[in-house]
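Each value in this text was obtained by applying a stated rule to the coordinates, not by laboratory testing. Computed from a predicted model, the values in this text were never measured in an experiment. Here the Cβ positions follow ideal geometry from the backbone for every residue, glycine too, while neighbour counts run over all protein chains shown.
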C-alpha cells in the first residue's frame with residue numbers, strides 16, 4: 001500500500017509515519033506538509049534515507065499539486081490541520097482555510113482520482129463540552145463546537161461525510177481525545193509543562209486548572225488509525241479514547257512530582273475564552289468492531305514522555321529558539 005499522509009511533519013502525523021514504516025516493511029509513504037510553525041522535519045530526520053518515504057513541501061489547498069500526488073497513492077490519511085485553540089481565538093482565518101478549504105481540496109482530488117480511499121483524522125472537540133456527570137462522547141453525540149478551531153474541524157467532518165453520501169467516496173472518520181507523547185509541539189499542555197520545568201520556568205495554568213481531558217498516548221492513536229484504515233467500515237466514524245480522564249491540575253502535579261518540583265512553579269493565568277470544561281470518550285464501538293483499546297496507561301505514558309523530552313532536549317530547544325524552521329533549508333537547499 002502507498003499512503004499520502006497530509007500534515008506528516010506535525011506531532012501525530014510524524015508519529016504515524018514512523019509507526020507505519022516500522023510495522024509494514026512493504027508500505028510506502030508520501031508526506032505532504034506545508035511546514036507552517038507546527039511542522040518540524042527534525043521529527044522525521046531518521047527517515048530521510050529511507051527509500052519508502054518521500055517528503056513533499058506543499059499546501060493541501062493547492063489543487064494542482066494535490067491532484068498529482070493522489071494519482072500515486074492508494075489512500076489519503078488526512079492529519080493536516082491548524083489545531084491550537086488559543087491561536088484560533090486570536091485569528092481564525094487560517095483555521096477556515098486549512099481545515100475546511102484544505103479538506104475540501106483533498107476530497108475533490110480523491111473524487112477525481114476515481115474515489116480514492118480517504119481517512120479523516122478529527123477531534124472530540126467537535127462535540128462541545130461535558131458536565132461532570134455527563135456520559136462520554138460517542139459516535140452519535142450531536143455536534144456542538146465551542147471554539148473557532150472545533151467549528152472548523154466540525155465543518156471538515158461534515159464535508160467528508162457529504163462526499164460519502166453524495167459521491168460514494170470511501171471514507172472513514174476518527175474523532176480522538178487529547179494526544180500526548182514524543183514529538184509533541186511544546187505549546188501544548190504536557191510538553192509545555194515538561195520543557196518549562198526542565199528550563200526552570202514557571203508553568204502557566206488556566207483558571208482553576210480543573211478542566212478535564214481524556215488523554216490518549218499517540219502510539220495508541222496510531223494503532224487505532226491503523227485498525228480503521230485496514231478494517232474499518234466505509235462511511236463510519238470511530239471515536240478513539242485513552243481511558244485516561246485527568247484534570248489539567250492533575251497533569252501538572254504529576255509532572256511536578258516526577259521532576260521533584262514543588263507547586264510554587266505553578267502560575268495561574270486568566271482562563272481561556274469559552275474554555276470547554278470536560279471531554280471524555282466512549283470508545284466501545286472501535287473496541288467491539290475493530291478490537292482496539294489503548295495499551296498505554298497514563299502512568300506509563302507520562303513517564304515515557306517525560307523521559308523522551310529529557311533525552312531529546314535539542315529537538316524541543318530548536319523549536320523554542322525557532323532554529324527548527326531552518327532545517328528544511330539546510331536539508332533541501334530551499
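From the P(r) of region 204-276, could you give the percentage of C-alpha pairs in the tail past 18 Å? Please report the intermediate quantities before stating the final value.
Working: 1488 of 2628 pairs.
Percentage above 18 Å: 57.
Would you please state which residues of region 146-178 a label at residue 36 would reach in this model, taking the label point 7 Å out along Cα→Cβ and a backbone N cut-off of under 19 Å?
146-160, 176
Rounded to the nearest 500 deg cm²/dmol, what is the calculated helix-only ellipticity per residue at 222 nm for the chain, with -39500 (n - 2.57) per DSSP H run of length n ≥ 4?
Details: 12 runs with 128 residues, N = 334.
That comes out to -11500 deg cm²/dmol.
What relative contact order, as a whole-number percentage, does the chain give when Cα pairs under 8 Å and 6 or more residues apart are counted?
Values: 630 pairs, mean separation 59.8, N = 334.
Relative contact order, the chain: 18 percent.
With only alpha-carbon atoms in the gyration tensor, what are the semi-axes of the equivalent ellipsoid for region 179-334, in Å, largest first?
Values: eigenvalues 164, 105, 44 Å².
That gives 29, 23, 15 Å for the three semi-axes.
If you consider only alpha-carbon coordinates, what radius of gyration and Dmax does region 58-102 have, in Å?
Taking only Cα atoms of region 58-102, I get Rg and Dmax of 12.6, 38 Å.
Sorted by average packing, counted as other Cβ atoms within 10 angstrom per residue and highest first, what order do 278-287, 173-182 take?
173-182, 278-287
Do me a favour and compute the ellipsoid semi-axes for region 138-235 from its Cα gyration tensor, root of five times each eigenvalue, largest one first, whole Å. Provide the component values of the computation, followed by the final result.
Working: eigenvalues 211, 61, 25 Å².
So the three semi-axes of region 138-235 are 32, 17, 11 Å.
Treating each Cα of the chain as an identical point scatterer and ignoring solvent, apply the Debye formula and state log10 I(q)/I(0) at q = 0.10 Å⁻¹.
-0.56
If I stretch the segment between residue 325 and residue 297 completely, what's the gain in nm (0.36 nm per residue apart, minus their alpha carbon distance), one decimal? Could the numbers behind the result be given before it?
Values: separation 28, 0.36 × 28 = 10.08 nm, distance 3.33 nm.
Once the chain is fully extended between residue 325 and residue 297, it gains 6.8 nm.
Give me 263, 250 sorted ascending by neighbouring Cβ count inside 10 Å, so fewest comes first.
Values: 263 10, 250 16.
Ranked by crowding around the Cβ, least crowded first: 263, 250.
Antiparallel as a % of all DSSP beta bridges within the chain, to the nearest 5? All intermediate terms of the calculation are to be shown ahead of the outcome.
On the way: 3 of 40 bridges.
In the chain, DSSP labels about 10 percent of beta bridges as antiparallel.
In units of 2.2 N^0.38 Å, what is the alpha-carbon radius of gyration of region 61-208?
Numbers: Rg = 17.5 Å, N = 148, 2.2 N^0.38 = 14.7 Å.
Relative to the 2.2 N^0.38 Å estimate, region 61-208 comes out at 1.19.
Per 5 Å bin, what is the whole-percent P(r) computed from every C-alpha pair distance within region 1-127?
Result returned by the calculation: 2, 11, 22, 24, 20, 13, 6, 2, 0.
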